[in-house]
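The values are calculated or read from the model by the stated rules, or taken from the named source; none is laboratory data. Computed from a prediction, not measured in an experiment: that's the story for all the values here. Note that we place each Cβ from the backbone using ideal geometry, even for glycine, and neighbour counts take in every protein chain shown. These area figures cover heavy atoms from the full protein model, side chains too; ligands, DNA and RNA do not enter into them. Shrake-Rupley method; radii C 1.70, N 1.55, O 1.52, S 1.80 Å.
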Amino acid sequence: MRKVLVTGGAGFIGSHTVVELAAAGYEPVIVDDLRNSKERALDGIAAIIGRRATFHRVDCNDGEAMEQVFAEEGPFEGVIHFAAYKAVGESVQQPLMYYANNVGSLIVLLRLMRRHKLGRIVFSSSCTVYGQPEVLPVNESAPDRLASSPYGFTKMVCEQLLRDMAHADPTMAVVLLRYFNPIGAHPSAAIGELPLGVPNNLVPFITQTAAGLRKSLTVFGDDYDTPDGSCIRDYIHVVDLAQAHVKALQWLGTQEAPVSDVFNLGTGRGSSVLEVVKAFIAGTGVDLPYTIGPRRAGDVEAVYADASKAREVLGWEAKLDLHRALADAWRWQERLK
Ligand code: UD1
């Protein structure tokens, strides 16, 4: 079996990727310290793939513990590095914590990869690196902007570090995946998003409000220069996103090192906040109280992907639409009750 190390493999995107790796014949080895995820994700993965995935409860910043994982489980065919903090607002309050964790864990990982002669890595990046693009849909050659948050900067720093490594080290094979807005849940409703505390992201807030856990959704601004005044994003089903990681790994297997490339992962379709709200109500028939509030600091007006490069090079494209993603997110929320 071809082993793949998945850091943050108990998280939202990580857990779905573990499932897709197993389906593609890989043996995922999960490293996660569960600080922002739950054991429940591991049970959910087991329910879907029919066995327990190998799991090490380890902090990716702990070089010694990570060395042990490499010694015990290696050799790996590649690494998929998800483990990171991801709350934009929190990153503004606690920048040091964000840089230390998000950049620090990648440094630990790269040192270990070098020691163990492992060059293949797929990295979780974000469309946040584009800021507000001048041209939409945005493609990978658009210039990076100054990120609007320390979180965004950690993604830019990690991308640059990986590009620099691929430049300096002839054994490196790097894929940077820039996610747009991942939503939804596995159709089995065995795994999904598990936000701790009050969700920052739109769809978990919608499903929690519909479930009666929150009083009302606030739509952050309806005075943007968009058809209905609310912000536009590219919402992508997490299962589609997970499958792109498998394609990226398979593609790396066909490339001569050194290689480093970057791909947008989105549907190519922009949806406004109000469209998402209406699609949710229409699709589920559930009441969703909402009000219009002020803009949220740091939000860009509109961003959606030109994902044609991922289609042409990786042979990947998103297949599931917004309605399907919202239905799956809601089924998962209902399972959580
Ligand atoms: C943000 C980050 C992105 C990061 C992602 C990870 C920015 C600009 N974007 O995405 O880089 O990868 O989080 O979590 O930093 N909304 C409401 N009401 C709510 C919540 C959200 O109206 O209660 C709106 C927002 O204004 C936005 C849209 O819904 O227009 C999506 O918001 P969210 O789910 O938080 O994602 P992003 O801000 O796009």
> Take the residues of segment 100-141 that are part of a helix (DSSP H, G or I) and of a type in the set (Val, Ile, Thr): which is least open to solvent (accessible area, probe 1.4 Å)?
Replying inline: Val129
> If we keep just the residues of segment 278-292 that are open to solvent by 60 Å² or more (accessible area, probe 1.4 Å) and of a type in the set (Ser, Thr, Tyr), which is nearest to the chain's Cα centre (by Cα)?
Replying inline: Tyr290
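Take the residues of segment 142-168 that are in a loop (DSSP other than H, G, I, E, B) and either in contact with a Phe, Trp or Tyr (Cβ under 9 Å, 6 or more places away or on another chain) or at pLDDT 95 or above (or both): which is farthest from Ile236 (Cα to Cα)?
Just the residues of segment 142-168 that are in a loop (DSSP other than H, G, I, E, B), to begin with: 142-149.
With the extra rule that they be either in contact with a Phe, Trp or Tyr (Cβ under 9 Å, 6 or more places away or on another chain) or at pLDDT 95 or above (or both), the set shrinks to 142-147, 149.
Numbers: Ala142: 20, Pro143: 23, Asp144: 22, Arg145: 23, Leu146: 24, Ala147: 22, Ser149: 22 Å.
Checked segment 142-168; the qualifying residue farthest from Ile236 (Cα to Cα) is Leu146.
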> Does segment 119-139 hold any residues that are in contact (Cβ under 8 Å) with a residue 40 or more places away in the chain and more than 16 Å from the ligand (Cβ to nearest atom), and which are they?
Replying inline: Gly119, Arg120, Ile121, Val122, Asn139
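Going by the conditions given, is Thr171 of a type in the set (S, T, N, Q), outside any strand (DSSP E or B) and in contact (Cβ under 8 Å) with a residue 40 or more places away in the chain? Walk me through it before giving the result.
On the way: of a type in the set (S, T, N, Q): yes; outside any strand (DSSP E or B): yes; in contact (Cβ under 8 Å) with a residue 40 or more places away in the chain: yes.
So Thr171 passes the test.
Which residue out of Arg311, Arg324, Arg296 is among the basic types (Lys, Arg), in a loop (DSSP other than H, G, I, E, B) and open to solvent by 50 Å² or more (accessible area, probe 1.4 Å)?
Details: Arg311 fails: in a loop (DSSP other than H, G, I, E, B); Arg324 fails: in a loop (DSSP other than H, G, I, E, B).
Selected residue: Arg296, the only one of Arg311, Arg324, Arg296 that is among the basic types (Lys, Arg), in a loop (DSSP other than H, G, I, E, B) and open to solvent by 50 Å² or more (accessible area, probe 1.4 Å).
Where in segment 177-290 are there strands (runs of 3 or more DSSP E), lying wholly inside it, with at least 2 residues that are farther than 23 Å from Ile49 by Cβ and touching a Leu at 6+ places or on another chain (Cβ under 9 Å)?
Numbers: elements: 181-183, 217-220, 235-237, 259-265.
Ranges flagged: 217-220, 259-265.
Restricting to strands (runs of 3 or more DSSP E) lying wholly in segment 1-86: which have 1 or more residues that are under 15 Å from the mean Cα position of the chain (by Cα) and within 23 Å of Asn101 (Cβ to Cβ)?
Numbers: elements: 2-7, 26-31, 54-56, 78-81.
Here the list reads 2-7, 78-81.
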>> For segment 205-233: of the residues being near the ligand (Cβ under 9 Å from one of its atoms) and under 26 Å from Glu317 (Cβ atoms), which is nearest to the chain's Cα centre (by Cα)?
In response: Arg233
>> Under 8 Å between Cβ atoms, which residue pairs at least 6 apart in sequence (or on different chains) link something in segment 31-49 that is more than 22 Å from Glu64 (Cβ to Cβ) with a partner that is β-branched (Val, Ile, Thr) and in a loop (DSSP other than H, G, I, E, B)?
In response: Ala41/Ile191; Gly44/Ile191; Ile45/Ile191; Ile48/Ile191
>> Here are the criteria: (1) in contact with a helix residue (DSSP H, G or I) (Cβ under 6 Å, 6 or more places away or on another chain); (2) modelled with pLDDT of 95 or more; (3) surrounded by 14 or more Cβ atoms within 10 Å (Cβ to Cβ). Tell me which single one Val79 does not satisfy.
In response: (1)
